[in-house]
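The values are calculated or read from the model by the stated rules, or taken from the named source; none is laboratory data. Note that the structure is predicted; figures quoted are calculated from it, not measured. Note that each Cβ is placed from the backbone with ideal geometry, even for glycine, and that neighbours are counted across all protein chains shown.
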Amino acid sequence: MSHSTSHRTPFDIARRALWYVGKFHTPPSPNVYKVWYRYVEGIVTVVANLDYAVHDAKAVSVEKLEEIHQQYCVDPDGANDETSDHLAKQLASLQSAIATQLVAGTQFRADLDEACEPLKDESPTNSTVVSCAHKILASNGAMQQRVQILSEQLEASEAEVRALQEEIAESRKTLTTDTLTGLGNRRHFDLDIHRALSLAGAEAFYSFLLLIDLDHFKQVNDTFGHKCGDEVIRYVATHLTELCPDAPISRLGGDEFAIILFTDNHQKATRVASNIRQSFASTPLKLSAGSVELGNVELSIGGARLRSDDDAKTWFIRADKLLYQAKKAGRNSVVLED
């Protein structure tokens, strides 16, 4: 099915999106509708994650749509707007409390000066001294009370600020985490790519990008079902993490993963990629719910070395082409550029 929208108006796209809502009996909630709209628009990441369910499995769950919405349809910069507003208000409250205390401090000094003024006489009477002492004590008591109130306000505001900061951090983590595997998602991958580019620019340190794709994964879903397919994906994610504990690993969607190796040594990168392929190929996999053997998991891997003139797009495209070469060479193979 073509997802080209060059000849479609927004109304046509909206109508087609509603058609998908009805076809798959998914609730017309804002999140669900937005995913279908992006699917009809032809947004690559959404299409890649929905095409199999739409055309092969012919079943789409609400959970799947919500997962896609979270990963690919939420604006990460706007997702925390409400929490950020609360944080800004709390910080403003802190500033206001501090400003109030500064004013109170100025008033306290003025009160002291006023109270002590009669003592400047050469021979102040006892009653004058007593009166001054009472005024000083009263001003000091009022000041201590204001300090106590401020301390309580600061403590409450600081606790609220910490909670809001943790909420923002957790929200950002959720937006960049793949819900099925716990690995980074496509957004996290984009951040990792830009970190590698920055490192190359600042320190002339170049990395290898490995793209990994499971061979014949569609057969697993067709034969054993999507639940089993999800189990395989989780197994691959866990094993990749064990094999490359220090490397950023992301699930790009479906059965495709990405690893950034912080080395520009071709031999080392080849050794790591070959070890990944060999480790999976030599380890039989069984379903956790029974004794059904799935056989060995075979992978195709393409790897591209970051070049000084690369950007995120050119680096990814080269790695993707090398992955395609690995597939074309018979699968269960590794192709890295020199």
Just one of Ser279, Ser308, Ser274, Ser300 is out of contact with any Pro (no Cβ under 9 Å at 6 or more places or on another chain), exposed (fewer than 14 other Cβ atoms within 10 Å of the Cβ) and farther than 11 Å from Phe208 by Cβ; which is it?
-> Ser308
Restricted to the range 226-253 and to residues being within 19 Å of the chain's Cα centre (by Cα), assigned to a helix (DSSP H, G or I) and not polar (S, T, N, Q), the residue farthest from Ile212 (Cα to Cα) is Arg234
Filter the helices (runs of 4 or more DSSP H) completely within the range 5-58 down to those with at least 3 residues that are over 18 Å from Gln70 (Cα atoms) and at pLDDT below 80.
-> 10-23
Test set (1) within 20 Å of Tyr206 (Cα to Cα); (2) touching a residue at least 24 places away in the same chain (Cβ under 8 Å); (3) within 28 Å of the chain's Cα centre (by Cα); (4) in a helix (DSSP H, G or I) - Ile317 fails condition number | (2)
Selection count where residues are touching a helix residue (DSSP H, G or I) at 6+ places or on another chain (Cβ under 9 Å), under 18 Å from Leu261 (Cα atoms) and of a type in the set (Val, Ile, Thr), scope the range 232-247 = 1
Just give me the residues in the range 206-225 being in a loop (DSSP other than H, G, I, E, B), surrounded by fewer than 21 Cβ atoms within 10 Å (Cβ to Cβ) and among the hydroxyl-bearing types (Ser, Thr, Tyr), in sequence order.
-> Tyr206
